[in-house]
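J.: Structure incoming, see below.
The values are calculated or read from the model by the stated rules, or taken from the named source; none is laboratory data. Quick caveat: nothing in here was measured; it's all calculated off a predicted structure. No Cβ is skipped: glycine too gets one built from the backbone with ideal geometry, and neighbour counts run over all protein chains shown. To get the accessible areas, we keep the full protein, side chains included, count just its heavy atoms, and leave off ligands, DNA and RNA. Shrake-Rupley method; radii C 1.70, N 1.55, O 1.52, S 1.80 Å.
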Amino acid sequence: MKKIILPFLLMIFSFCLKSQKETIITGKSMLEFIDGVSLLYRTLPFDHTEFYRPSPISMPKENGLFMQRFFIESHQAGMISNQRIFISPGDSVFFVVDTINIDNQPRVIFRFSGKNAAHYNWGYMLDSVLGSAPPFFIRGNDITDYRKQILERRDKALDFLQTYRQKHMITDEFYNYAKASIKNEYILNLFNPIRFGQIEKNELPLDYFPEDLVPENDLARRYATTMRQKYFSGFNYWGMTQAEIDSFYRNLIYNFDGQKRAYLVSVLIGILADAASAHYQSLFFRIMGEVPKYVHDPRYLEFIDKALNFYTRIVNNPFPKEVLLNTLLKEYESNNIFTLQEVLQRYKGRPVYIGFWGSWCGPCLHVIRNSQQARTYLKEKGVALIYFANDREEAWRQASEREGITQSQYLLLDFDLLRSHLALRIWPTYMLLNAEHIIVERRAVLPLDDFFAEFKKMLERALTN
C-alpha cells in the first residue's frame, strides 16, 4: 500500500508546483551591523489585515551571505527591509547592502544584479530622485499650492519611469505596477489633508479632485488606502444601522463589477470583521453567503476566509479559558495581581466597557481627558468602566494619578495571549462586553465627548439586544 501512496503523493506535489517557479534571492552586506534581512511578499491589498498579517521571511547571514528560495506562481509586490521590490516567478537576483544619501540623510539600500534586477532597484532609485517625503499640507496654507506641488511630484516620477524604461530591461507587468504606484501615491496625497484633519472636505475648491481619480493595480503601492479614501470615506459602521450598512453593500454590488467589485466587497468584509460587532451579525453572515457570486480571486477568498474565522471567533463568544487564566493584571489601588477571570468576576452580571491605553500614547490621553459625558452615562447605565494599561509600571502609576483614573485601573503584566486573541494593535482601543462578559463591540465607539451621540447610540443598542 505504501508503495502505491508515495508515488501518488509525489505526483500531486509535482502538479501543485507545476505552475510555480523557484525564485532565488541572495546577497551580502558591506555594512557590518547588518546581520539579518527581512523579506516580505504576497501582502494582501487590504488595510484591515489584523486577522491576516503575513510574517516576514527571515534571511539570516550564513557564511557571510544571505539566501532565500521560494516558489511563487504570479508577480508579487514586496519589501526587502524598507525597500520596495517587484518579484517575478523564476527571478534569480543578488544584492549588496550599501548606503546612499537621500535628502542629505544616509539610507540603507539594496543594490541588485541578475535577472529582473531593475524591478528590485526601482524603489530606492525613485526615492533618490524625488526625495523620500512628499509635501505635507498644514492648515492655513494654500491648498491649491499644495495640489500643484504633489502634481509636480507625480509628473516628475512619471518622467523618471519613462527614462528608466528606456535604460533598463523591465517587463510590462512591472511597468504597469510602477505607473499605478505613482498614480496611487498622487491620489493618496490629494486625500491626505482631509485624512489628517488639516482641512474639511467642504472647504476644498470644486475642482480639487480630478475626474479620473481611480486607483489602479491591486498590487501597486497605496492601492488599498486610496480605494478606502475614494469609496469608503462615508462609511461609518459605528453610527449606521444594519439597513444602512446593507444599503452601502448593495451600492457596491450594483455600481461595480468584475475585479473591482470583488475587491470592494472584500474590503467591506474586512472592515466589518475587524470591528467584530454583534449588532450586524445576521447581515455579516448574509454577505458571507453571497461571496461566491462576486469574488473568485484566490487571494481575496483567502482574506475573506481569515476574516470570517476571526469574526466567528470573537463575536458572541466568551474569552477562552487559557486567556482568562493566563492574562495577569496588577490593580492600581491594592497592588495585587489578578487573572483576567478574577478581574471580570468582580463585575459579574454587569456590562463592562474596557479601555486599552498607555501613558506613552498621546491619543489615549486625549480620549481620557475628553470623556466626561461618556463616563457619566456609563455610570447611569450601570456599565463598569475599567482600564487595562500596556505600560511600564512607574509611568502607568504616574499617569493614572495625574489623569484621575486610579479606580478600576489595571496594568497588563502577561498580555500576549489576550493581545493575540483580540488581534490588538491600535491604541487606544475600547471594547464593550455584555452582562455575560461576551464581546459585543470589539472596536467600540471611543468615549470622546465629540462622539457622545454615537457612543450613546452604540451603548443603548448593545444593552437592548
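J.: If you check every pair at least six apart or on different chains, which have Cβ atoms under 7 Å apart with a residue in the range 195-215 that is at positive phi and among the acidic types (Asp, Glu) first and a residue that is surrounded by fewer than 10 Cβ atoms within 10 Å (Cβ to Cβ) and in a loop (DSSP other than H, G, I, E, B) second?
T.: Taking only residues 6 or more apart or on different chains, not a single pair turns up.
J.: Further question: What single numbered condition from (1) under 23 Å from the mean Cα position of the chain (by Cα); (2) open to solvent by 20 Å² or more (accessible area, probe 1.4 Å) fails to hold for Gly355?
T.: Condition not satisfied by Gly355: (2).
J.: Name the pairs whose Cβ atoms lie under 8 Å apart, with the first residue in the range 231-253 and touching a residue at least 24 places away in the same chain (Cβ under 8 Å), the second of a type in the set (S, T, N, Q), and 6 or more positions between them or separate chains?
T.: Qualifying pairs under 8 Å: Tyr237/Ser277; Gln242/Ser282.
J.: Let me ask something else. For the range 131-150, which residues satisfy the criterion of being aliphatic (A, V, I, L, M) and open to solvent by 60 Å² or more (accessible area, probe 1.4 Å)? Before you say what the answer is, go through the steps one by one.
T.: The initial filter retains those residues of the range 131-150 that are aliphatic (A, V, I, L, M), namely 133, 138, 143, 150.
Ala133, Ile138 - these are the residues of the range 131-150 that are aliphatic (A, V, I, L, M) and open to solvent by 60 Å² or more (accessible area, probe 1.4 Å).
J.: For Leu126, which of the numbered conditions (1) closer than 30 Å to Leu418 by Cα; (2) at pLDDT 90 or above; (3) not small (Gly, Ala, Ser) fails to hold?
T.: If we test Leu126 against (1) closer than 30 Å to Leu418 by Cα; (2) at pLDDT 90 or above; (3) not small (Gly, Ala, Ser), just (1) comes out false.
J.: For the range 303-325, check the following and say yes or no: at least one residue is under 30 Å from Ile194 (Cα atoms), of a type in the set (Lys, Arg) and assigned to a helix (DSSP H, G or I).
T.: no
J.: Name the helices (runs of 4 or more DSSP H) wholly within the range 392-465 that hold at least 2 residues that are more than 23 Å from Arg350 (Cβ to Cβ) and over 27 Å from the mean Cα position of the chain (by Cα)? Can you show your working first?
T.: Working: elements: 393-403, 416-422, 452-464.
Passing ranges, in order: 393-403.
J.: I've got another one for you. Here's a check for you: in the range 195-234, which residue that is more than 19 Å from the chain's Cα centre (by Cα) and of a type in the set (Val, Ile, Thr) is least open to solvent (accessible area, probe 1.4 Å)?
T.: Ranking the qualifying residues of the range 195-234, first place goes to Ile199.
J.: Still on this model: Out of curiosity, is Phe356 in a strand (DSSP E or B), without any contact (Cβ under 8 Å) to a residue 60 or more places away in the chain and out of contact with any Gly (no Cβ under 6 Å at 6 or more places or on another chain)?
T.: Working: in a strand (DSSP E or B): yes; without any contact (Cβ under 8 Å) to a residue 60 or more places away in the chain: no; out of contact with any Gly (no Cβ under 6 Å at 6 or more places or on another chain): yes.
When the stated conditions are applied, Phe356 does not pass them.
J.: If you take the residues of the range 388-406 that are among the acidic types (Asp, Glu), under 25 Å from Asp416 (Cβ atoms) and in contact (Cβ under 8 Å) with a residue 24 or more places away in the chain, which of them is surrounded by the fewest Cβ atoms within 10 Å (Cβ to Cβ)? Write out each step before concluding.
T.: As a first pass, look at the range 388-406 and keep what is among the acidic types (Asp, Glu): 391, 393-394, 401, 403.
Imposing the further condition that a residue be under 25 Å from Asp416 (Cβ atoms) reduces the set to 391, 393-394.
So of that shortlist, the ones also in contact (Cβ under 8 Å) with a residue 24 or more places away in the chain come out as 391, 393.
On the way: Asp391: 20, Glu393: 13.
Selected residue: Glu393.
J.: Output the residues belonging to the range 347-364 that are among the hydrophobic types (A, V, I, L, M, F, W, C) and closer than 13 Å to Asp391 by Cα. Step through it out loud before you land on a result.
T.: Start the filter on the range 347-364 by keeping residues that are among the hydrophobic types (A, V, I, L, M, F, W, C), which leaves 352, 354, 356-357, 360-361, 364.
Within the range 347-364, Phe356, Trp357, Trp360, Cys361, Cys364 meet the criteria.
J.: Another question, if that's okay. Quick check on the range 258-315: of everything there that is polar (S, T, N, Q) and open to solvent by 10 Å² or more (accessible area, probe 1.4 Å), which residue is farthest from Pro54 (Cα to Cα)? Explain how you work it out, then say what you get.
T.: Taking the range 258-315 as the starting set, the residues that turn out to be polar (S, T, N, Q) are 259, 266, 277, 281-282, 309, 312.
Subsequent filtering for residues that are open to solvent by 10 Å² or more (accessible area, probe 1.4 Å) retains 259, 281-282, 309, 312.
Numbers: Gln259: 22, Gln281: 27, Ser282: 29, Asn309: 16, Thr312: 20 Å.
Filtering the range 258-315 for residues that are polar (S, T, N, Q) and open to solvent by 10 Å² or more (accessible area, probe 1.4 Å), the one farthest from Pro54 (Cα to Cα) comes out as Ser282.
J.: Can you work out which of the residues in the range 235-250 that are open to solvent by 40 Å² or more (accessible area, probe 1.4 Å) and within 16 Å of Arg286 (Cβ to Cβ) is modelled with the lowest pLDDT?
T.: The first filter runs over the range 235-250 and keeps only residues open to solvent by 40 Å² or more (accessible area, probe 1.4 Å), leaving 236, 238, 241-244, 247, 250.
This time we only want the ones that are within 16 Å of Arg286 (Cβ to Cβ), so: 241-244, 247, 250.
Numbers: Thr241: 86, Gln242: 90, Ala243: 93, Glu244: 93, Ser247: 95, Arg250: 96.
In this case the residue turns out to be Thr241.
J.: So, one more: Output the residues belonging to the range 407-439 that are surrounded by 14 or more Cβ atoms within 10 Å (Cβ to Cβ), among the polar types (S, T, N, Q) and at negative phi.
T.: Within the range 407-439, Gln409, Thr429, Asn434 qualify.
J.: Okay, moving on. Since Ala157 meets every condition but one in (1) of a type in the set (A, V, I, L, M, F, W, C); (2) closer than 19 Å to Asn101 by Cα; (3) surrounded by fewer than 16 Cβ atoms within 10 Å (Cβ to Cβ), which condition does it not meet?
T.: The single condition Ala157 does not satisfy is (3).
J.: Within the range 368-387, is there a residue that is assigned to a strand (DSSP E or B) and either farther than 19 Å from Ile438 by Cα or open to solvent by 60 Å² or more (accessible area, probe 1.4 Å) (or both)?
T.: Within the range 368-387, none of the residues are assigned to a strand (DSSP E or B) and either farther than 19 Å from Ile438 by Cα or open to solvent by 60 Å² or more (accessible area, probe 1.4 Å) (or both).
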